[in-house]
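Visitor: Structure provided below as structure tokens; questions to follow.
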Amino acid sequence: MAVTSIRELLEAGVHFGHESRRWNPKMRRYIFEERNGIHIIDLTQTIEQVEAAYGFVRDTVASGKTVLFVGTKRQAKEPIQAAAQAAGAFFVTERWLGGLLTNIKTIRKSIGRYRELEDLVASGVADMLPKKELASIRREKAKLERNLMGIKEMTELPGAVFVVDPKKEHIAVAEAGRLRIPIIALVDTNCDPEMIDYPIASNDDAIRAIKLILGKVADAAIEGRAAKESGAGAGTGVAVEDFVRAAQAGVDAGTFSAAPEDAAAEEAAPTVTTISATAQAAAVATPSEPAPAPSEAPAQE
């Protein structure tokens, strides 16, 4: 099933690029035409890019890594925060702190300072200080909270970075590129797509367009997290043969149930995952690669 459709992208205004006089020639291959001085983005390519980004984010999160959402422009702040919180990811919606990725040790010190001030205020100790010192502490805490709100739980580098408008967030893109962290980004017709691993040609100014693409990426992260919690990992991207072999090994080891009648017997064991290996193998097998015949289920005593 397709992640999105041409109609959905059109209704959100994803196809509207910048004025033709403000374009980046490197975006030429993603432009369908110029109309009334405005570049129109080729949505057939955008659909493919969204699907590629969806699969990558899903598999990244399923493998146990995290995603950092970045968007400090006014239109992107609210959608970025909402999508990241829904996906259980980290986000930056205020000023990008230089060295957030390349000098994460210093950022951790700032996070430690924020927690120290937070405990100071929460415990009531700060209220016993002189008014001038208390006001200074509250200003410092508010500033740190504003800048670190979305990353204060981030203890390690993310597995991927999602950026809205890489031209504006060029420092974030440069840091991620230096550390070889994969970058997914909404690239408008004035951006350079060559620095992006998974570019998504899209209008990066319209709130509806931003919300639509962010929603798809958040859904991918949620799906990946569900796969991780269920123990499936990034299995959605494995080859058919590998899955069939793994399923058969599960049947032989007694981990999976190979026949429907085994499910009832295993319901009482909450730590055992009941999966029909035959049904799963048949679901993922292509016509040219038929699923192997199921092995006979062991007799129940």
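The values are calculated or read from the model by the stated rules, or taken from the named source; none is laboratory data. Since we're looking at a predicted model, the values are computed, not measured. With ideal geometry, Cβ positions are generated from the backbone for all residues, glycine too; neighbour counts draw on all protein chains shown. These area figures cover heavy atoms from the full protein model, side chains too; ligands, DNA and RNA do not enter into them. Shrake-Rupley method; radii C 1.70, N 1.55, O 1.52, S 1.80 Å.
Visitor: Going by the conditions given, is ALA185 crowded, with 18+ Cβ neighbours inside 10 Å and either in a loop (DSSP other than H, G, I, E, B) or of a type outside the set (Val, Ile, Thr) (or both)?
Guide: Taking the combined requirement at face value, the residue satisfies it.
Visitor: Here is a follow-up. Working only within region 36-58, note down all residues that are assigned to a loop (DSSP other than H, G, I, E, B) and not acidic (Asp, Glu).
Guide: ASN36, GLY37
Visitor: What helices (runs of 4 or more DSSP H), lying completely within region 89-180, carry at least 1 residues that are aliphatic (A, V, I, L, M) and in contact with a Phe, Trp or Tyr (Cβ under 9 Å, 6 or more places away or on another chain)?
Guide: Those helices (runs of 4 or more DSSP H) span 131-148, 170-178.
Visitor: Pull up region 93-122, narrow it to residues that are among the β-branched types (Val, Ile, Thr) and either open to solvent by 40 Å² or more (accessible area, probe 1.4 Å) or in contact with a Ser or Thr (Cβ under 7 Å, 6 or more places away or on another chain) (or both), then point me to the one that is nearest to ALA12 (Cα to Cα).
Guide: Among residues in region 93-122 that are among the β-branched types (Val, Ile, Thr) and either open to solvent by 40 Å² or more (accessible area, probe 1.4 Å) or in contact with a Ser or Thr (Cβ under 7 Å, 6 or more places away or on another chain) (or both), the one nearest to ALA12 (Cα to Cα) is THR93.
Visitor: Here's another thing I want to ask about it. If I filter region 59-83 down to residues being assigned to a helix (DSSP H, G or I) and crowded, with 24+ Cβ neighbours inside 10 Å, which single residue comes out as farthest from the chain's Cα centre (by Cα)?
Guide: Going through the qualifying residues, I end up with ALA76.
Visitor: Answer with yes or no whether LYS141 is charged (D, E, K, R), more than 19 Å from ARG58 (Cα to Cα) and touching a helix residue (DSSP H, G or I) at 6+ places or on another chain (Cβ under 7 Å).
Guide: In short, yes.
Visitor: Further, regarding this structure: Name the single residue that is surrounded by the most Cβ atoms within 10 Å (Cβ to Cβ) among those in region 1-35 being more than 15 Å from ASP204 (Cβ to Cβ) and among the β-branched types (Val, Ile, Thr).
Guide: Filtering region 1-35 for residues that are more than 15 Å from ASP204 (Cβ to Cβ) and among the β-branched types (Val, Ile, Thr), the one surrounded by the most Cβ atoms within 10 Å (Cβ to Cβ) comes out as THR4.
Visitor: Would you check if there is a residue in region 190-198 being aliphatic (A, V, I, L, M), open to solvent by less than 20 Å² (accessible area, probe 1.4 Å) and touching a residue at least 60 places away in the same chain (Cβ under 8 Å)?
Guide: The answer is no; no qualifying residue exists.
Visitor: Mind checking which residues of region 199-225 are farther than 26 Å from ARG21 by Cα and open to solvent by 10 Å² or more (accessible area, probe 1.4 Å)?
Guide: The answer is LYS211, LEU212, GLY215, LYS216, ASP219, ILE222, GLU223, ARG225.
Visitor: Sticking with this one: Which residue, of GLU133, GLU94, is over 15 Å from THR155 (Cα atoms) and modelled with pLDDT of 90 or more?
Guide: When all the criteria are applied, what remains is GLU94.
Visitor: Regarding region 36-56, can at least one residue be identified that is touching a strand residue (DSSP E or B) at 6+ places or on another chain (Cβ under 6 Å), open to solvent by 20 Å² or more (accessible area, probe 1.4 Å) and on the phi > 0 side of the Ramachandran plot?
Guide: yes
Visitor: I would also like to ask the following. Can you work out which of the residues in region 123-142 that are more than 26 Å from GLU94 (Cα to Cα) and not charged (D, E, K, R) is surrounded by the most Cβ atoms within 10 Å (Cβ to Cβ)?
Guide: ALA126
Visitor: Which members of region 18-45 meet the condition of being under 17 Å from ARG208 (Cβ atoms) and within 24 Å of the chain's Cα centre (by Cα)?
Guide: Answer for region 18-45, where residues must be under 17 Å from ARG208 (Cβ atoms) and within 24 Å of the chain's Cα centre (by Cα): ILE41, LEU43.
Visitor: Kindly check whether there is at least one residue in region 154-167 that is closer than 24 Å to SER202 by Cα, of a type outside the set (Phe, Trp, Tyr) and open to solvent by 50 Å² or more (accessible area, probe 1.4 Å).
Guide: Within region 154-167, one or more residues are closer than 24 Å to SER202 by Cα, of a type outside the set (Phe, Trp, Tyr) and open to solvent by 50 Å² or more (accessible area, probe 1.4 Å).
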